[in-house]
Amino acid sequence: MKKLLFSGLMVMMISAFNISAYADDPVIGPGKKVTLDYTLTVDNKEVESSVGKQPLSYVAGSRTIIPGLESQLNGMHVNEEKVVNVAPKDAYGDVDPKAFKEFPASSLPKGLEPKVGMVLRATAPDGSQFPAVIYKVDGDKVTLNFNHPLAGKSLTFKVKILKIEDAVSK
């Protein structure tokens, strides 16, 4: 009987240890504030990196980062590293042919000599600004591409999770 009681206490203590160890090892999931370093590459070229700069922070489930990245970060732990590949449909979408618009070159800012690939800053009626890329120059006409610059691109993120905490302080 003593042996059975002792064994039962040992199992409870080991279980309690495992539960407390798990509680000290937070995992990314809805409602967690996540801080991470990342390096983004597109077509094997580094586009952007937070390494050595300010890390990225977001709240899991808040839809503030691209869905294809967020879904692959769920379940990760602090100090875990991972390479995440995100298809265009789970990032900035495919290229939308309706987002190409032709304008008279005279509608561009004075003194600007339009060149293919040049990025302009367009302003929406609500005052928000967004990029527009010169896609084609044809005499006195210019075609602008209003797709996100990364639309149609597969993205590769190398991430390292730095911190995971509750999003709302108690």
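Summary table
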{"item": "Over the range 16-170, relative contact order from alpha-carbon pairs under 8 Å, at least 6 apart, %", "result": "34 percent"}
{"item": "Carbon + sulfur, % of accessible area of the range 66-165 - ligands and nucleic acids excluded, 1.4 Å", "result": "52 percent"}
{"item": "Check: the range 33-89 dipole with +1 on Lys, Arg Cβ and -1 on Asp, Glu Cβ, in debye", "result": "200 debye"}
{"item": "Degrees separating the helix 2-23 axis from the principal Cα axis of the chain, which is the longest one", "result": "20 degrees"}
{"item": "Point-to-point label distance, A167-H77, nm (Cα→Cβ direction, 7 Å offset)", "result": "2.4 nm"}
{"item": "Under the Karplus curve 6.51 cos²θ - 1.76 cosθ + 1.60, θ = phi - 60°, whole-Hz ³J(HN,Hα) for the range 135-151, x wherever Gly or Pro sits", "result": "8, 8, 10, 9, x, 9, 10, 10, 9, 9, 9, 9, 5, 4, x, 9, 4"}
{"item": "Solvent exposure of the chain as accessible area per residue, Å², 1.4 Å probe", "result": "69 Å²"}
{"item": "Amide H contacts of V47 (H built 1.01 Å from N, under 5 Å, at least 5 apart or other chain)", "result": "L40, T41, V42"}
{"item": "Estimated [θ] at 222 nm from DSSP helical runs (n ≥ 4, -39500 (n - 2.57)) normalised by residues in the chain, nearest 500", "result": "-5500 deg cm²/dmol"}
{"item": "Interchain or long-range residues, amide H under 5 Å from F100's placed H", "result": "F146"}
{"item": "Among (i) 0.94; (ii) 1.23; (iii) 1.02, the entry derived from the coordinates for Rg/Rh (Cα atoms, Kirkwood Rh)", "result": "(ii)"}
{"item": "Under-5 Å amide H pairs with K163, H placed in peptide plane, nonlocal only", "result": "T35"}
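The values are calculated or read from the model by the stated rules, or taken from the named source; none is laboratory data. Please read these numbers as outputs of a predicted model, since none were measured by experiment. Quick reminder, even Gly has a Cβ in these numbers, built from the backbone with ideal geometry, and neighbours come from all protein chains shown. Remember, those area values only see protein heavy atoms, side chains included, never the ligands or the DNA or RNA. Shrake-Rupley method; radii C 1.70, N 1.55, O 1.52, S 1.80 Å.
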